[in-house]
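Written below as structure tokens is the structure these notes are about.
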Amino acid sequence: MLDAVLPSLDELSTWMPWARQSYGRRDALLFLRDSLAAWAEGRAYDFSIRYQAQQDRHLGNVSVWYTSRQSRVGEIGYWVRTDEAGNGIATEAAAHMLDIAFNELDMHRVTLRIASGNIGSERVAEKLGFEREGLLREELEVGGVWLDHSIWGLLDHEYRSRRLSYVEAGFLEA
Ligand SMILES: CC(C)(COP(=O)(O)OP(=O)(O)OC[C@H]1O[C@@H](n2cnc3c(N)ncnc32)[C@H](O)[C@@H]1OP(=O)(O)O)[C@@H](O)C(=O)NCCC(=O)NCCS
């Protein structure tokens, strides 16, 4: 993971609060420890993204978590190493999270929060059929700057009617 984060810091640090220029081995280990605890507690499910044919190269992370278990609402998040951007990796990884969210975790609604100006991530949301629902003002502080975020949503029946199009577009296998 460290090998993926370090050369991507310029881009990651623009959008992700954890991606400070000082990021190092200790930060990666803390993430892994928290991630294992989160899995065990059912708090969040983080996955590493790898090519099937090259499993020792970390491509990025993708996660799904409940924001309200009672209302069956969840959220997904992702990042991809900069030298692999534009290859469809985030879209494919996020589509897999939607399978898990709607089929295994029984979510009714999945959201994505995207910082204003993050065009690549907005495109991922659009390709998966998320609806842009509104603006969250100064939602997250990144590198000392409060960033507005758009909120995007996808409902379970929308996912079900779109899933075949994910397969046809190559985001998922049948
Ligand atoms: C944003 C990010 C996740 C995209 O990952 P990716 O694997 O490149 O995504 P995909 O290849 O699946 O799709 C990206 C799409 O955005 C488009 N895109 C990327 N940057 C763009 C830009 N500046 N302007 C217009 N389109 C852009 C790509 O062309 C592609 O669309 P297409 O398939 O229609 O050509 C990745 O760049 C990243 O991790 N960035 C830093 C962290 C981050 O922003 N995480 C998301 C937080 S919400």
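The values are calculated or read from the model by the stated rules, or taken from the named source; none is laboratory data. Everything numeric in this text was worked out from a predicted model, so none of it was measured. All Cβ positions, even for glycine, are placed from backbone atoms using ideal geometry, and neighbour counts span all protein chains on display.
Pairs linking a residue in segment 83-101 that is polar (S, T, N, Q) to a residue that is modelled with pLDDT of 95 or more and more than 8 Å from the ligand (Cβ to nearest atom), with Cβ atoms under 7 Å and 6 or more positions apart or on different chains, are 91/128; 91/171.
Within segment 46-57, one or more residues are hydrophobic (A, V, I, L, M, F, W, C) and either within 12 Å of the ligand (Cβ to nearest atom) or more than 26 Å from residue 168 (Cα to Cα) (or both).
The single condition among (1) more than 6 Å from the ligand (Cβ to nearest atom); (2) under 12 Å from the mean Cα position of the chain (by Cα); (3) without any contact (Cβ under 8 Å) to a residue 40 or more places away in the chain that residue 73 does not meet is (2). In this entry, residue 77 passes the filter for residues that are assigned to a strand (DSSP E or B), touching a Ser or Thr at 6+ places or on another chain (Cβ under 9 Å) and either modelled with pLDDT of 95 or more or more than 23 Å from residue 174 (Cβ to Cβ) (or both).
Among residues of segment 18-45 being loosely packed, with under 12 Cβ neighbours inside 10 Å and within 16 Å of residue 144 (Cβ to Cβ), the one that is nearest to the chain's Cα centre (by Cα) is 21.
Just so you know, in segment 83-127 the residues that are in a helix (DSSP H, G or I), more than 7 Å from the ligand (Cβ to nearest atom) and under 21 Å from residue 19 (Cβ atoms) include one that is farthest from the chain's Cα centre (by Cα), and it is 83.
Sub-7 Å Cβ pairs linking a first residue in segment 12-30 that is within 24 Å of residue 138 (Cβ to Cβ) to a second residue that is among the basic types (Lys, Arg), at least 6 apart or interchain, are 13/20, ordered by first then second residue. Restrict the check to segment 137-152 and report whether at least one residue is outside any strand (DSSP E or B), under 17 Å from the mean Cα position of the chain (by Cα) and either surrounded by 15 or more Cβ atoms within 10 Å (Cβ to Cβ) or β-branched (Val, Ile, Thr) (or both). Checking segment 137-152: not a single residue is outside any strand (DSSP E or B), under 17 Å from the mean Cα position of the chain (by Cα) and either surrounded by 15 or more Cβ atoms within 10 Å (Cβ to Cβ) or β-branched (Val, Ile, Thr) (or both).
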